[in-house]
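The values are calculated or read from the model by the stated rules, or taken from the named source; none is laboratory data. Bear in mind the structure is a predicted one, so any value in this text is a computation, not a measurement. Quick reminder, even Gly has a Cβ in these numbers, built from the backbone with ideal geometry, and neighbours come from all protein chains shown. The protein model used for the area step is the full one, side chains on, heavy atoms only, and it has no ligands, DNA or RNA in it. Shrake-Rupley method; radii C 1.70, N 1.55, O 1.52, S 1.80 Å.
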Amino acid sequence: MGFPNLSTTLIPHLLLIIIVGVATASPPSVASRFSKFSLSKRAPRFLTKFSHPIKPHQHQEYRYETRYFYQQLDHFSFSDLPSFPQRYLINTEHWVGPDRLGPIFLYCGNEGDIEWFAVNTGFIWDIAPRFGAMVVFPEHRYYGESMPFGSGDVAYKNATTLAYLTAEQALADFAVLITDLKRNLSAEGCPVVLFGGSYGGMLAAWMRLKYPHIAIGALASSAPILQFEDIVPPETFYNIVSNDFKRESSSCFNTVKESWDALVSEGLKKNGLLQLTKTFRLCRELNSTEELANWLESAYSYLAMVDYPYPSAFMMPLPGHPIREVCKKIDGCPDGTSILECIFEGVSVYYNYTGDVDCFELDDDPHGLDGWNWQACTEMVMPMASSKDTSMFPTYDFNYTSFKEECWKQYRVVPRPQWITTEFGGHDIKAVLENFGSNIIFSNGLLDPWSGGSVLQNISETVVALVTEEGAHHIDLRPSTPEDPDWLVEQRTAEIKLIEGWINSYNQKKKTSFNM
């Protein structure tokens, strides 16, 4: 069944639109006073660099066995290189087995501990019994416990050891693992459906395109596959974050926009950095205002990503509609309160909603085990900018020269900004997917700043865009709750129908070929 028949069930909450780009950013003003903040701006990480999620306990409803599979370090070389153990989580309690062509649901692991993604991707667990599906969560190489060279310290040592941390190698890991698993279970005929959110969603879409013989379809949630090489305006991400704040309160938006000047002015005063340290209750004294600016910018960006309609703890423990709560704090400051004190009250909703934090750490990955910085400096080059009029952030343009210099300084590598679009495509995406793609769902919520870099239009009957006006970062993959709004229930219903269609079509063709 094609999506045009489904769309009538989704009512106006599901919008099929394109975000219109904005004009080129104006010359830097406030941002020119933040050296790194303005010049070396990388794309915000999908996972927050200032929150360090606690390793989750195994939830009772998500039972799985932890296994390890030895992967080739380099799938595209025949050199005698050491293999490494890739961790994966597996559950077969609902699987109906190979004789009934029981499907395999594979989540494409992201840039982090796979257990964290497993317990935050309840949609797969919720629908597995309905489909009689096996559930597999493979971990992305160089993250969690899936470390080459025996340890993270060695794996992250330099550009030589990090060279095998690429999306291409990760996809090959998934392909080899699932092929071996199916062979061992005599399940070669069982269909594989891919799932992924954020970077994992990008991997799911790319894997469906690169390995169509491995997987019959992919649900790519919040997957910004177009956030590369001038395909979308570089201001898009921060414009969406800013709009999320403005829709809640224009005065809140304006306060944040004005706060950067106040931050710079305070930092230039005698003992200004010490005063900022006290105002924001930092655990150590600031070395520069840009440290604090990055910390604040991070909070605003992630608040937009997780602006869910109900309480959650994906990035941080947060209330429902967290941006609304932040703006209430900022707008509700008593007369005489300084603008920076109001900002502190607001960001405390993000960094300290539980009230358990005595002081705030600004250190970014003190152990140096940060694979995403490496990926951003090599192939995941996502240009970002901030426009003067539309954004609440300091104005700056993407400066590739400065970006390249920073990557060389940190890793001794030169970024390859055109590689991802060469490897996976991106330009003229409508024609490419229409001609060569099938069975991919691109789901996005327009509150999510990454939605501006994703596919927001139906491409064909089998490459479908599900776009929700009130949705945030891969909310559809989260566990279902009694608080789920109607539009979210409808979105998941549409996804289930499409996946059912893929599996039924596959089984029918399998049956037809067998009878012949």
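Set against the labelled values [x] 0.99; [y] 1.16; [z] 0.97, Rg/Rh (Cα atoms, Kirkwood Rh) computed from this structure falls on [z]. Seen from residue 379, the other residues with C-beta closer than 12 Å to its C-beta sum to a net charge of -2, counting Lys and Arg as +1 and Asp and Glu as -1.
In the stretch 59-147, which chymotrypsin sites (Phe, Trp or Tyr not before Pro) are in a loop and have at most 14 other Cβ atoms within 10 Å, using DSSP for the loop call?
Answer by residue number: 76, 78.
Per residue, the chain exposes 41 Å² of accessible surface when a 1.4 Å probe is rolled over the protein heavy atoms with every protein chain present. Relative contact order of the chain, taken over Cα pairs closer than 8 Å and 6 or more residues apart, is 24 percent. Seen from residue 217, the other residues with C-beta closer than 11 Å to its C-beta sum to a net charge of -1, counting Lys and Arg as +1 and Asp and Glu as -1. Unpaired Cys in the chain, meaning no second Cys C-beta under 4.7 Å: 108, 190. When the trypsin sites (Lys or Arg not before Pro) in the stretch 104-188 are filtered for DSSP coil states and for at most 16 other beta-carbon atoms within 10 Å of their beta-carbon, the remaining sites are 157.
Peptides 229-238, 436-445 ranked from most to least packed by the mean count of surrounding Cβ atoms within 10 Å: 436-445, 229-238.
The mean of 1/r over all pairs of different alpha-carbon atoms in the stretch 398-510, once inverted, gives a Kirkwood hydrodynamic radius of 16.9 Å. Among the GluC sites (Glu not before Pro) in the stretch 465-497, those located in a DSSP loop and surrounded by at most 16 other Cβ atoms within 10 Å of their own Cβ are 469, 470, 483. Helical content alone sets the calculated 222 nm signal of the chain at -12000 deg cm²/dmol, taking -39,500 (n - 2.57) per DSSP H segment of four or more residues and averaging over every residue.
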